[in-house]
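Report on one structure; see the data block that follows.
The values are calculated or read from the model by the stated rules, or taken from the named source; none is laboratory data. Model, not experiment: these values are computed from the prediction. For neighbour counting, all protein chains shown are included, and Cβ atoms are generated from backbone atoms with ideal geometry for every residue, glycine included. Surface areas here come from the heavy atoms of the whole protein model, side chains and all, with no ligands, DNA or RNA. Shrake-Rupley method; radii C 1.70, N 1.55, O 1.52, S 1.80 Å.
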Amino acid sequence: MEKYVINGGKVLDGEVTISGAKNAAVAIIPAVILCDEPCRIENIPNISDVSLIGRILQQLGAEVKRIDKSTLYIDPRMINSHVATTDLVRGMRASYYLLGALLGRYNKAKVALPGGCNFCARPIDQHLKGFAALGARHELVNGAIIDVKADSRLQGNSVYLDMVSVGATMNIMLAAVKAEGLTVIENAAKEPHIVDLANFLNSMGAQIRGAGTDVIKIRGVDYLHGVTYSIIPDQIEAGTYMCAAAATRGRVLVKNITPKHLDSITAKLREIGCEIKEYDEAILVDATKKPLTRCNIKTMPHPGFPTDCQPQFTTLLATVNGTSIVNENVWETRYQYVSELTLMGAHISVEGRLAIIEGGSKLKGAPVKATDLRAGAALVIAGLCADGVTEVGSIQYIERGYENITEKLRALGADIKKVYKDESSDNVLRA
Ligand code: EPZ
């Protein structure tokens, strides 16, 4: 029963430092299962999804210690089970990386599937197709647990993905790292976190070539040695602050990032009228210079416009004059937040994969609810721009992926606080 209370209308101004990438961390931490020695992972974001995957590794027998706020020490040598079926595993959407990692280490894995995703069905048929190509068959137990096993060491093979899938690309990489011979993934995803996972595995002695292109080749190795590795900055967290800066017509320097990873977002912000300056590891978004105008966006796998920034950018478009069209091309449905934005006065209609935004109406504060991580980020942005007070509920979704979001926004001049409520009396207990 926690929520964010936002007193809107403050223009964001200042600097924000971006944390390590969630979607890299949730793959790299389970990847340590494959290592034969301890590892130290740096630039880990301090978010609930990372705590969860760390606790899952501990349940499997690993020693996991937080050395400081952003560094984890993981010793996987005491892992003694290929079975991950606890409630913690079920509570974590990215727990499917345990399948590839445990399969790569034990030639078998039994992993609970996460519950249905809150914005779309999350099929894993392409992951399983990859495992099958490497010689592992699977069985669904009680509709809730995937049991994958091979009779002997996994054998390298070619896998053509029917659609570009981040999770399948990473999971097949994990399973193939110690397989016998060469695995080739065709039509692979190219997201920055795919390259980061490959770099991490290669730094331990894996032989992966082509990550970041659509053909990835993995020659299996027998041994992976311990390393110290630093995770890339979070492209989507950065994109979220860039959208927030533009939506409040502010001026924000977004630091500790790789500007190249943000090209598609930068291009769209420039198109609507923001002034953007790129530095080696920072981007300045300046929306103070001229009125912003409409644009269309279509989400695509990297290097296209990321689906994970679609709700935040749609919210920004609701604040600018003119009609914009958003085409959500990755997930079948990812517009649950639109009804909440409508409560705040946005004019958006959704038809299948399209959202049509009649922009320019002034948003008004209202009580709203996050339905998933990026939907929650979008509602926070809406609250920052709205007149009056917005209360965003179900913030546990937001805290899965955004480190210190209230502190970071307050440092930029936002009036946002987290309050804890007594469920029975609805009274605010402390702020
Ligand atoms: C990753 O999910 C991210 N999650 C998602 O971010 C992100 O939206 C997505 O990639 C796309 O960029 C993590 O990295 C933990 P996909 P993933 O496999 O890997 C279909 C966030 O907000 N598909 O690339 O699960 C699928 O239905 C989260 O941080 C199949 O049909 O996504 C979708 O339409 C949300 N069969 C498309 O492919 C499969 O076997 C892309 O999914 C796999 C996927």
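Compute the angle between helix 192-203 and the longest alpha-carbon principal axis of the chain, please, reported from 0 to 90 degrees and rounded to the nearest 10. So the inclination is approximately 30 degrees.
With a ≥ b ≥ c the root eigenvalues of the C-alpha gyration tensor of the stretch 136-198, is it rounded (a/c under 1.5), prolate (a/b larger than b/c) or oblate? Verdict is oblate for the stretch 136-198. Specify the angular offset, from 0 to 90 degrees and rounded to the nearest 10, of the alpha carbon long axis of helix 48-60 from the longest principal axis of the alpha carbons in the chain. Relative to the chain, helix 48-60 is tipped by roughly 20 degrees. All other residues whose Cβ lies under 15 angstrom from that of ARG294 are scored, Lys and Arg at +1 and Asp and Glu at -1, for a net of +2.
Heavy atoms of the protein chains alone define the surface here; on that basis the chain has 38 Å² accessible area per residue at 1.4 Å probe size. Other residues lying with their Cβ under 15 Å from the Cβ of ALA346 contribute a combined charge of 0, Lys and Arg counting +1, Asp and Glu -1. Placing R0 at 41 angstrom, the Cβ-Cβ distance between LYS289 and TYR73 gives a FRET efficiency of 0.30 after rounding to 0.05. At a Förster radius of 35 Å, what calculated FRET efficiency corresponds to the Cβ-Cβ distance of ARG55 and ALA132, to the nearest 0.05? Calculated transfer efficiency: 0.70. Computed over the chain with a Gaussian network model linking Cα atoms closer than 10 Å, the most mobile of TYR402, TYR73, TYR420 is TYR420.
Under a model in which nothing but the beta-carbon of Lys, Arg (+1) and Asp, Glu (-1) is charged, the stretch 22-220 shows a dipole of about 160 debye around its Cα centre. Projected onto their three principal axes, the Cα atoms of the stretch 22-220 cover extents of 40, 38, 35 Å, largest first.
From the alpha carbon centroid of the stretch 214-253 to that of the stretch 265-315 is 17 Å. The listed residues THR71, THR258 rank as THR258, THR71 when sorted by accessible area, largest first, using a 1.4 Å probe.
The share of alpha-carbon pairs in the stretch 1-137 lying farther apart than 25 Å comes to 35%.
Around LEU161, with a cut-off of 11 angstrom between Cβ atoms, what is the net charge of the other residues, counting Lys and Arg +1 and Asp and Glu -1? Net charge in that neighbourhood comes out at -3. Largest GNM mean-square fluctuation among ALA112, ALA179, ALA132, using the chain with Cα springs under 10 Å: ALA132. Annotation for the stretch 358-427 versus the stretch 68-124: alpha-carbon center distance of 30 Å. Label sites at ARG40 and SER152, each approximated as a point 7 angstrom past Cα along Cα to Cβ, lie 4.1 nm apart. When all protein chains stay in place and ligands, DNA and RNA are ignored, the 1.4 Å accessible-area order of MET1, MET78, MET242, largest first, is MET1, MET78, MET242. Give me the one-decimal nm value for the distance between modelled label points at LYS108 and ASP125, 7 Å along each residue's Cα-to-Cβ direction. My value for the distance between the label points is 2.8 nm.
Quick one: helix 235-247 against the long Cα principal axis of the chain, what's the angle to the nearest 10°, folded into 0 to 90? The angle comes out at about 10 degrees. Sequence-distant contacts, meaning Cα pairs under 8 Å at least 6 residues apart, place the relative contact order of the chain at 20 percent. Among the chymotrypsin sites (Phe, Trp or Tyr not before Pro) found in the stretch 215-317, those both in a DSSP coil and sparsely packed, with 16 or fewer other Cβ atoms within 10 Å of their Cβ, are TYR223, TYR279.
In terms of the mean number of neighbouring beta-carbon atoms within 10 Å, the peptides 326-333, 368-375 order highest first as 368-375, 326-333. For the chain, adding -39500 (n - 2.57) for each run of n ≥ 4 DSSP H residues and dividing by the number of residues yields -8500 deg cm²/dmol at 222 nm. With both residues required to sit in the chain, DSSP beta bridges show an antiparallel share near 70%. Of all DSSP-defined beta bridges confined to the stretch 156-280, some 65% are antiparallel rather than parallel. The translational diffusion coefficient of the chain, from Stokes-Einstein at 25 °C and 0.890 mPa s with a Kirkwood hydrodynamic radius over alpha carbon pairs, comes to 111 µm²/s.
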